[in-house]
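Student: Have a look at this one before I ask anything.
The values are calculated or read from the model by the stated rules, or taken from the named source; none is laboratory data. Owing to the predicted nature of the structure, the values given are computational and were not obtained by experimental measurement. Ideal geometry is used to build each Cβ from the backbone, glycine not excepted, and the neighbour counts take in all protein chains shown. To get the accessible areas, we keep the full protein, side chains included, count just its heavy atoms, and leave off ligands, DNA and RNA. Shrake-Rupley method; radii C 1.70, N 1.55, O 1.52, S 1.80 Å.
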Amino acid sequence: MQNTLRFALFGNAFQAHKSAHIAHLLEILRRKEAQISISSEFHDFLRHHTRTDLGGLEVFEGNNFSADMVLSIGGDGTFLKAASRVGNKEIPILGINTGRLGFLADISPDQMEETFEEIYRGEYKAESRRVLKLTCNGQVLKGYPYGLNEIAILKRDSSSMITIHAYINGELLNVYQADGLVISTPTGSTAYSLSVGGPILVPQSGTISLTAVAPHSLNVRPIVIRDDWEITLDVESRSHNFLIAVDGRSETCREGTRLTIRRGEYFIRIVKRCHHSFFNTLRDKMMWGADARSASSEF
C-alpha cells in the first residue's frame, strides 16, 4: 500500500499553452491518490484560461499551506517565488521545468512519471541550500527580505552609475563605482551573478560571491567570501535613490540607507533525483564539452 502524500502546487500564471503539462501532473498525482492543494492565483489562472480539470483540489491563500512536498511548475523564476512562499517551513520543493534553462526547476515534463515513482519509493535527495537575509536601517523593506539566489544593488533606469562602499565584518573591502553589485549564494551563482561575470560556486561550499555590474574600473574582479561573514553596504547615487532586487523582486531604496546582508536562519530544501548531480547539471545546461560542429564539417 502506497503512502498518501500531500503536495502544494505553485505555477507560472502566464503560459496557458503549456496547460497540458499541468493536466498530466494532476493525472499522475490523482492516480497516486495524493492530496493536492494549489495556490489561489494559479488556480484562478487555470480556471479562467485553460480547460484543466481542477476537481478535488484544495485552494489556499498566501502562505497558508502545509505539505510533504511543494511542486513548482514553470521556470526558475516560478521556483524562486515558490521558495519565498515556503520560507522557513523548510518543505522540500520539486521544480518541474516548463521554462527555458532551468537550474532549479530541472525536471522536464517527460520525466514526471518516473520522477514521482521515485518520490513514492523515497528515492530522492532534498538538498539544503542557504539563503541570504537583507536588513536596512532607516527604511522598512516592503518585500520578503530573503534571497535564495542573490541580493543585487542596482542603479535606477538610465541614471548614472552608483558608488557602493562595501565592508566585510566591518572592514572596508572596496568602493565600487558601477551599475550595481550582485551578492550571490552558490545556488544563484549560475543565475544573474554568472551573467555579469561572477564565479560558479559549488552548492555545498559555504561561500558567497560579490560581483560588480559594469564596473568603472577594469581592475575590479569578483571575490568569494565565507557565508557566515557579514556584508555592509553604503550607497551613493546622483538620483539619491537606487534599486534593491532580492531574487528579482525589486524596490526603490533611499540614498543613505545602510544595507546589511547576512546568512539566513533557515534553508530551502531542493528535491533532486538520486542520479542527478551538480556537475552533471553544469555539463548539461551549459553544454560544457559540446561540439556543435557536425561530423561532416570540413576544415
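Student: Give or take rounding to whole Å, what are the principal axis extents of the alpha carbon atoms in the range 149-220, in descending order?
Tutor: That gives 37, 28, 21 Å along the principal axes, largest extent first.
Student: Turning to a different aspect of this structure: Quick one: if you stick a label point 7 Å off each Cα along the C-beta vector at PHE278 and ARG249, how many nm between them?
Tutor: Reported label-point gap for PHE278 and ARG249 is 2.5 nm.
Student: Follow-up. Mind running the shape call on the range 9-82? Use the C-alpha gyration tensor, a ≥ b ≥ c as the square roots of the eigenvalues: rounded below 1.5 for a/c, prolate if a/b tops b/c, oblate otherwise.
Tutor: Details: a/c = 1.32, a/b = 1.03, b/c = 1.29.
The shape class here is rounded.
Student: May I ask you to give the solvent-accessible area per residue for the range 184-299, in square angstrom, as obtained with a 1.4 angstrom probe?
Tutor: So the range 184-299 comes to 55 Å² accessible per residue, rounded to a whole number.
Student: Do you know the relative contact order of the range 70-181, to the nearest whole percent, from alpha carbon pairs under 8 angstrom that are 6+ apart?
Tutor: On the way: 139 pairs, mean separation 19.3, N = 112.
This gives 17 percent for the range 70-181.
Student: Determine the alpha carbon to alpha carbon distance for each of LYS89/LYS133; LYS32/LYS125; LYS142/LYS285 and list only those over 24 Å. Intermediate results must be reported in sequence, preceding the final value.
Tutor: Working: LYS89/LYS133 16 Å; LYS32/LYS125 20 Å; LYS142/LYS285 34 Å.
The answer is LYS142/LYS285.
Student: OK, next. Once you order the gyration tensor axes a ≥ b ≥ c over the Cα atoms, which shape class does the range 35-121 get: rounded for a/c under 1.5, otherwise prolate or oblate by comparing a/b with b/c? List each step's numbers first, then the result.
Tutor: On the way: a/c = 1.29, a/b = 1.15, b/c = 1.12.
Here the range 35-121 falls in the rounded category.
Student: Next question, about the same structure. May I ask you to list the GluC sites (Glu not before Pro) in the range 84-189 that are in a DSSP loop and have at most 15 other Cβ atoms within 10 Å of their Cβ?
Tutor: For GluC sites (Glu not before Pro) across the range 84-189 that sit outside H, G, I, E and B with at most 15 neighbouring Cβ atoms in 10 Å, the list reads GLU90, GLU123.
Student: Also, quick follow-up: Add +1 for every Lys or Arg and -1 for every Asp or Glu among the other residues with Cβ under 13 Å from the Cβ of THR163, and state the total.
Tutor: Net of charged neighbours comes to -2.
Student: Mean residue ellipticity at 222 nm from the helices of the chain, using -39,500 (n - 2.57) per DSSP H segment of n ≥ 4 over the full residue count, to the nearest 500 deg cm²/dmol?
Tutor: Value at 222 nm, helices only, nearest 500: -5000 deg cm²/dmol.
Student: Now for a different question. Using DSSP to call loops (not H, G, I, E or B), can you name the trypsin sites (Lys or Arg not before Pro) in the range 92-131 whose Cβ has at most 15 other Cβ atoms within 10 angstrom?
Tutor: Passing sites in the range 92-131 are ARG100, ARG121.
Student: Treating only the Cα positions of the range 114-159 as identical point scatterers, give the base-10 log of I(q)/I(0) from the Debye formula at each q in 0.26 Å⁻¹.
Tutor: -1.02
Student: Mind pulling the per residue volume of the convex hull built on the Cα atoms of the chain? Å³ is fine. Kindly include the intermediate steps, with their values, before the conclusion.
Tutor: Details: hull volume 51.9 nm³, N = 299.
Convex hull volume per residue, Cα atoms: 174 Å³.
Student: SER108 to ARG156: FRET efficiency via 1/(1 + (r/R0)^6), r the Cβ-Cβ distance, R0 41 Å, to the nearest 0.05?
Tutor: It comes out at approximately 0.60.
Student: Could you check the simple spin-label distance between MET286 and GLN139, using points 7 Å along Cα→Cβ, in nm with one decimal?
Tutor: Going from the MET286 label point to the GLN139 one covers 3.3 nm.
Student: Pull up all non-local amide H partners of ALA178: gap of 5 or more, or a different chain, and H-to-H distance under 5 Å with H placed in the peptide plane.
Tutor: Result for ALA178 returns ILE162, ILE164, HIS216.
Student: Something else now. Quick check: at a probe of 1.4 Å, how many percent of the accessible area of the chain sits on carbon and sulfur atoms?
Tutor: That share works out to 49 percent.
Student: Can you tell me how the range 36-194 classifies by the Cα gyration tensor, rounded, prolate or oblate, using a/c under 1.5 as the rounded cut?
Tutor: Prolate.
Student: What is the chain's relative contact order, in percent, from Cα pairs under 8 angstrom and six or more apart in sequence?
Tutor: 18
Student: Skip the ligands, DNA and RNA, and give the accessible area per residue of the range 1-146 with a 1.4 Å probe, whole Å². Please report the intermediate quantities before stating the final value.
Tutor: Details: 7120 Å² over 146 residues.
Counting only protein heavy atoms, the per-residue value for the range 1-146 is 49 Å².
Student: Let me see the pair-distance distribution of the range 182-276: every alpha carbon pair, 5 Å bin width, integer percents in order.
Tutor: Bins of 5 Å from zero give 2, 11, 18, 23, 22, 13, 5, 3, 1, 1, 0 percent of pairs.
Student: Report the percentage of all Cα-Cα pairs in the range 78-170 whose separation exceeds 17 Å, rounded to a whole percent.
Tutor: Of the Cα pairs, 66 percent sit more than 17 Å apart.
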